[in-house]
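See below for the structure under consideration.
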Amino acid sequence: KHWLPFCKKNNIQDRSPQVYFSSTSHSWSDEAQNLKVMYTDMKSRVEHVLDCGKVKDEFITCDQFRGIFDLWTDKFTR
């Protein structure tokens, strides 16, 4: 929704956010800074899920997803 359009607009060939944001060879626009904040937040949430083995209730937006996440175990990704 945000990252790929940014890459296309700025002709970024390596579309890995981790690679892009770890690079110090360029200056970042306000848009890039905002994307970095979104990426860092998303990465933190994913790492939290992996560490604790479940998605926090505050991130589950509907009962259908809640039922799906209730089936998930840490064995699915490890």
Expressed as a whole-number percentage, the relative contact order of the chain with C-alpha contacts under 8 angstrom and at least six residues apart is 20
With label points set 7 Å from each Cα along the Cα-to-Cβ direction at Arg45 and Gln33, the distance between them in nm comes to 2.3
Within the chain, pairs of Lys residues whose Cα atoms are less than 29 angstrom apart, provided they are eight or more positions apart or on distinct chains, add up to 16
Nearest-0.05 FRET efficiency for Ser22 and His2 at R0 = 22 Å, using Cβ-Cβ distance, is 0.75
With +1 on the Cβ of every Lys and Arg and -1 on the Cβ of every Asp and Glu, the dipole magnitude of the range 1-64 about its Cα centre, in debye rounded to the nearest 20, is 260
Computed, not fitted: 222 nm per-residue ellipticity of the chain from DSSP H runs ≥ 4 (each -39500 (n - 2.57)), nearest 500, equal to -17500 deg cm²/dmol
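Quick note: the coordinates plus some simple rules give every number you see, no bench work behind them. Here the structure is a predicted model, which is why all the values come from computation and not from measurement. Because the Cβ atoms are built from the backbone with ideal geometry, glycine has one as well, and the counts that use them run over all protein chains shown.
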